[in-house]
Amino acid sequence: MKTVILEREALYEQAAGQIAGILTEKPDAVIAMSAGRTMLPLWQKLRRLDLNAVRLFQVAEFIGTEEHLTMRAMTEKNLLEGSNLRPENCFWLTEENFQEYENAIADVGGLDLAVLGIGDNAHIGFNEPATQFDSRTHRQKLTEKTRKQYGWYFGTEESTPAWGLSMGIRTITEARKIMLLACGEEKAQAVFDMLYARNDSIIPAAFLQIPAEVTVYADREAGAKL
Ligand code: GLP
């Protein structure tokens, strides 16, 4: 696991540069893409790239929220719009398609890259603490900490959905490359735990110590405890 600690703008430039490099080698790369605040500045930079052949798989989604508040809507509005990413190459999580979702990833040869954020409680996707390493795409009860984390998006913690959908930890860690971005002091403990916690299911992001090629991009605040 490689760790890069930079000022925020440089962090996003370098992360976007890594993705540009992957796309130069493989224009039709299969990318698992997280959503959330951390992704917004990255998406602004990715929109400048040629994403026409990219296959995109959503990493996490809320259950039971209004359409315009889904992570799909966030991704469509802030990444697809303004880029040449093709809607027919984008795969979205639903409560009915877990096995089809895993099959679709296998059918395109597996994930070339997983682009992750990290939850305040070190979740990845919506794999909350106590999610097993060998988990596949599944429904996930969201912790109070995660619902609090998303109060900004839904207005209040109470209006944040209680359940989500997530690509499993096993599925994520099978990606040939993984990059995780973390910004803000609220992520500092999760980033520290990810790097130094045991590979147990209480710190889901710690499972990223296992795969071969993981790069962590942290800004000064998120990397403050390292
Ligand atoms: C959310 C999402 C993750 C995201 C993480 C960080 O719960 N399910 O995919 O990476 O937590 O979110 P943010 O970037 O908004 O802090």
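Here are some notes:
- Residue check for E81: acidic (D, E), under 16 Å from the mean Cα position of the chain (by Cα), surrounded by fewer than 19 Cβ atoms within 10 Å (Cβ to Cβ) and under 25 Å from C183 (Cβ atoms): no
- Checked against the criterion of being within 13 Å of the ligand (Cβ to nearest atom), touching a helix residue (DSSP H, G or I) at 6+ places or on another chain (Cβ under 9 Å) and open to solvent by less than 60 Å² (accessible area, probe 1.4 Å), the candidates G151, G164 yield just one match: G164.
- Residue match in the stretch 167-175 (condition: modelled with pLDDT of 95 or more, over 12 Å from I124 (Cα atoms) and not β-branched (V, I, T)): yes
- Qualifying positions in the stretch 115-153 - touching a Gly at 6+ places or on another chain (Cβ under 9 Å), within 14 Å of V59 (Cα to Cα) and aliphatic (A, V, I, L, M): L116, I124
- Hey, E25 of a type outside the set (G, A, S) and at pLDDT below 95 or not: no
- For the residues T143, T156, the requirement of being more than 15 Å from the ligand (Cβ to nearest atom) and farther than 24 Å from L6 by Cβ singles out T156.
- T24 closer than 25 Å to R136 by Cβ and hydroxyl-bearing (S, T, Y): no
- Only listed residue being of a type in the set (D, E), open to solvent by 10 Å² or more (accessible area, probe 1.4 Å), more than 16 Å from the ligand (Cβ to nearest atom) and not in a loop (DSSP other than H, G, I, E, B), chosen from E76, E13: E13
Conditions (1) more than 20 Å from K187 (Cα to Cα); (2) touching a residue at least 24 places away in the same chain (Cβ under 8 Å), marked per residue:
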{"residue": "T70", "(1), (2)": "yes, no"}
{"residue": "M74", "(1), (2)": "yes, yes"}
{"residue": "E96", "(1), (2)": "yes, no"}
{"residue": "L111", "(1), (2)": "yes, yes"}
{"residue": "A122", "(1), (2)": "no, yes"}
{"residue": "D134", "(1), (2)": "yes, yes"}
{"residue": "T146", "(1), (2)": "no, yes"}
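- Qualifying residue in the stretch 199-207 (condition: part of a loop (DSSP other than H, G, I, E, B), modelled with pLDDT under 95 and among the hydrophobic types (A, V, I, L, M, F, W, C)): yes
- The stretch 96-126, subset closer than 29 Å to C183 by Cα and among the acidic types (D, E), residue modelled with the highest pLDDT: D112
- Annotation: S135 fulfils all but one of (1) under 24 Å from L40 (Cβ atoms); (2) open to solvent by less than 30 Å² (accessible area, probe 1.4 Å); the unmet one is (1).
- Cβ pairs under 6 Å, 6+ apart, first in the stretch 28-46 and acidic (D, E), second more than 10 Å from the ligand (Cβ to nearest atom) and open to solvent by less than 10 Å² (accessible area, probe 1.4 Å): none
- Check on T70, of a type in the set (S, T, Y) and surrounded by fewer than 18 Cβ atoms within 10 Å (Cβ to Cβ): no
The values are calculated or read from the model by the stated rules, or taken from the named source; none is laboratory data. Source: prediction; values computed, not measured. Cβ atoms come from the backbone with ideal geometry, glycine included; neighbour counts cover every protein chain shown. When the accessible area is computed, the model is the full protein with side chains, heavy atoms only, and any ligands, DNA or RNA have been set aside. Shrake-Rupley method; radii C 1.70, N 1.55, O 1.52, S 1.80 Å.
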